[in-house]
Amino acid sequence: MSEQTHERQAPASATPASATPQRRRGFMGGAGGHGPGRMMTPAEKPKNLKATLLKLFSFMGNFKVALVVVLIFALGSTIFNIIGPKVLSTATTELFDGIAAKIAHTGGIDFDKVAQILLFTLFLYGVSALCSWVQGWVMSYVSQKTSYLMRQKLEAKIDRMPMGYFERTSVGDTLSRITNDIDTLGQNLNQGITQLITSVTTVIGVLIMMLSINPLMTLITVVMLPISIGLIMVVVKRSQKYFVAQQETLGAINGQVEETFSGHAIVKAFNQETLSIDTFNETNERLYESAWKSQFISGLMQPIMGFVSNLGYVVVAILGSVLAVRGVITVGDIQAFIQYVRNFTQPITQLTQVANVLQSMAAAAERVFEFLEADEEKSEAAKVSSAEIACDVSFENVQFGYTPEKIVIKDFSARVKAGQTVAFVGPTGAGKTTMVKLLMRFYDVTQGSIKIGGHDIRDFDRSDLRSMFGMVLQDTWLFKGSIRDNIRYGKLTATDEEVENAAKAAYLHHFIQTLPGGYDMEINEDASNISAGQRQLLTIARAILADRRMLILDEATSSVDTRTEERIQKAMDNLMEGRTAFVIAHRLSTIKSADLILVIRDGDIVEQGTHESLLALGGFYAELYNSQFVDCIDEIEA
């Protein structure tokens, strides 16, 4: 259903984040490299971080109690973990003092006291682990339940969206919101919130504990921090361009592989295997160069940070020894302080990662909320039911444009009696498919009206209106499942006998019996294990089973051979019998028997009548018909 005279392009904002400038390369193409530098690469930023986070926490309003539990247990886990080294330091001090006393023959080690300290330390770490387990379990529930509810809302929203939205927006973008963005949101919500709480609490708590041991040693530790951050930024800056090149080249190589495999027969037919291999090798070489440089340079971060940390430990150990000799601090305090130094630098590094995680989460949430807040089809109270009316249709001075500036249907008027077969004929872009979309209320007319049984279609509930129509389109839609289930999709309550009767009416029964498994044969995902004509007959059988009072047939025979076309035409004749039918056709030979042919040109009816009367008129229809006939003669002579 693509005959429109306007361009339908997705806005720039609708392009999924996973798309490259050239084309969408798939999930593998979106990888930004691996290794330590990967976490340091900038995350996709939301347009309005604050507003999006407020919407997200408002959406999570039902989980307020659970989030409070997460906060309490995360704080508990962190606090107990922070206290541990300080308590453990008293055991070290006790051992040191005991050994010193034993050497001086003034006493010995109090093993009972050391055991009590160690048991208490074990208890603290046990409670910390238990709190961490509880907050992790609750946060996993909250994050996944949030994702679950969002998927539900998105699925329900799709059914309420106007057709125009999906014609303006790519399918990939909509799927990306439901899958990628929801997954990103769920994972980052779980990781980001808990890590933010624990990292901030750890930094503050550790800083307090270090200050309580010795302010001078704390100052030295804090001074070392900007040195390590500065060195990391230098490495990130140098490696960033190689990560970007790696990502772009990876997308390019995936695209080449995809194109080569999908067009493998063409490559072989034109003997272009060498060209394909040379192109791949060239891109592969560029990927190798960017990948090893990005991995090597980013890999320097770990030894650099280790060197700075070890340098800090040496300074702390020397200064701590001097202070211990002077009696300012104990030996156990030195041991505790060294542990706190490690615990201090780690959460600061995590906070830089959390910033990326939260930005990525907010960007994903923003795209989800953007979809949820999009305009929906207007739902009006139904004034009439489809069960109460006849199936005659009238188009009265219909005017319509997809945009106000570009009118597609200018002044369309026609009357169709119940049970008639009406054919829409005309060049591509004349407005044939647009009229069907207006009839189904995928769009509403700008001016004029369309009436069924004397009632304006805007007085019907949309679902009730569409329940009157069966459709057979040029693009056949079948799902992965048995042939029986695909036919039964037209009427889910149908018996096996009714399914088989519908197949017989569609001249499909004999073919199905020749298949392995018959009606239970599984159709694969793209229905490539049956031919185009057989797919078309399946959709006709589905429409026959649905037994709707009105039919829409859109180019149902355009992609099949002449013999199959005859079978499909017979099946469609069975389908249309006694029903009001609207047929869109380019092959004019298929609509000779139509009760009324409407010839559309530039959004207006220029001629109408039967096949014979229009040929006798010698106008635009006769010109179209004769041009097809002449083309056929030329093909035969050639």
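The values are calculated or read from the model by the stated rules, or taken from the named source; none is laboratory data. Just so it is clear, the model here is predicted, and its values are computed rather than measured. Heads up, the Cβs are rebuilt from the backbone with ideal geometry, glycines too, and the neighbour counts pull from every protein chain shown. Side chains are part of the model used for accessible areas, which takes the heavy atoms of the whole protein and leaves out ligands, DNA and RNA. Shrake-Rupley method; radii C 1.70, N 1.55, O 1.52, S 1.80 Å.
Treating the range 195-322 as a set of equal point scatterers at the Cα positions, no solvent, please give the Debye-formula log₁₀ I(q)/I(0) at q = 0.09, 0.13 Å⁻¹. Computed log10 I(q)/I(0) values: -0.51, -0.73.
Take residue 290: with every protein chain present and a 1.4 Å probe, its accessible area is about 10 Å².
For the chain, DSSP calls about 55 percent of its internal beta bridges antiparallel. Taking only the alpha carbons of the range 60-156, we obtain Rg and Dmax values of 22.3, 81 Å in that order. Label-to-label distance for residue 244 and residue 475 is 3.6 nm, based on points extended 7 Å past Cα in the beta-carbon direction.
Annotation: residue 570 carries an accessible surface of approximately 110 Å², with a 1.4 Å probe and no ligand, DNA or RNA atoms counted. Once the Cβ-Cβ distance of residue 613 and residue 482 is raised to the sixth power relative to R0 = 45 Å, the FRET efficiency obtained is 0.45. Shape summary: the range 250-289 maps onto an equivalent ellipsoid whose semi-axes, from the alpha-carbon gyration tensor, are 20, 11, 4 Å in decreasing order. The amide H of residue 584, built 1.01 Å from its N in the peptide plane, has 424, 553, 554, 555 as neighbours under 5 Å, considering only residues 5 or more places off or on other chains. Computed on protein heavy atoms with a 1.4 Å probe, the accessible areas place 611, 264, 455, 105 in the order 105, 264, 455, 611, largest first.
Between residue 531 and any residue 5 or more places off or on another chain, the built amide H atoms are never under 5 Å apart.
All Cα-Cα separations within the range 165-256 were binned at 5 Å from zero, giving a P(r) of 2, 10, 8, 9, 13, 16, 12, 9, 7, 5, 4, 2, 1, 0, each value a whole percent of the pairs. In the context of the full set of protein chains, the chain has a per residue accessible area of 52 Å² (1.4 Å probe).
The radius of gyration of the Cα set in the range 81-240, together with its Dmax, comes out at 26.4, 92 angstrom.
Gyration tensor over the Cα atoms of the range 358-508: the corresponding equivalent ellipsoid has semi-axes (square roots of 5 times the eigenvalues, largest first) of 29, 28, 18 Å.
Over the range 125-164, the fraction of Cα-Cα pairs per 5 Å bin, rounded to whole percents and listed from the shortest bin up, is 6, 21, 14, 13, 11, 9, 8, 6, 5, 4, 2, 1. Note on the chain: helix-only mean residue ellipticity at 222 nm, from DSSP H runs of 4+ residues weighted -39500 (n - 2.57) and normalised by residue number, equals -20500 deg cm²/dmol. The Stokes-Einstein estimate for the range 368-457, based on a Kirkwood radius over Cα pairs and taken at 20 °C with 1.002 mPa s viscosity, is a diffusion coefficient of 145 µm²/s. Place a point 7 Å from the Cα of residue 130 along the Cα-to-Cβ direction; which residues of the range 69-92 have their backbone N under 19 Å from it? Counting backbone N atoms under 19 Å from the label point, the list is 69-85. Its alpha carbons give the range 428-582 an Rg and a Dmax of 16.4, 54 Å. A convex hull fitted to the Cα coordinates of the range 291-330 yields 38 cubic angstrom per residue. Stretched out straight at 0.36 nm per residue, the stretch from residue 114 to residue 220 would grow longer than its current Cα-Cα span by 35.1 nm. The stretch between residue 318 and residue 444, if pulled fully straight at 0.36 nm per residue, gains 37.2 nm over its current Cα-Cα span. Rg/Rh for the range 287-389 (Cα atoms only, Rh after Kirkwood) is 1.48. Return the tail of the calculated pair distribution for the range 455-531, meaning the percent of Cα-Cα pairs more than 21 Å apart. Tail fraction, whole percent: 37.
Find me the longest stretch of the chain that has none of the exposed GluC sites (Glu not before Pro), where exposed means in a DSSP loop (not H, G, I, E or B) with at most 13 other Cβ atoms within 10 Å. By the stated rule (loop sites, at most 13 other Cβ atoms within 10 Å), 8-372. Close amide H pairs (under 5 Å, H built 1.01 Å from N) link residue 494 with no residue at least 5 positions away or on another chain. Just the number, please: carbon plus sulfur as a percent of the accessible area of the chain, 1.4 Å probe, no ligands or DNA/RNA counted. The computed percentage sits at 59. Here is what passes the span test in the chain: the DSSP H helices with alpha carbon length of 27 Å or more along the helix axis and a Kyte-Doolittle mean of 0.5 or above are 64-103, 182-213, 215-262, 301-325.
In a Debye calculation with equal point scatterers on the alpha-carbon sites of the chain and no solvent, what is log10 I(q)/I(0) at q = 0.06, 0.09, 0.11 Å⁻¹? Evaluating at q = 0.06, 0.09, 0.11 Å⁻¹ gives log10 I(q)/I(0) of -0.56, -0.95, -1.20.
Taking 8 Å as the Cα distance limit and 6 or more residues as the minimum spacing, I'd like the relative contact order of the chain as a percentage. Computed value for the chain: 17 percent relative contact order. A probe of 1.4 angstrom, applied to the heavy atoms of all protein chains, finds residue 402 with accessible area near 40 square angstrom.
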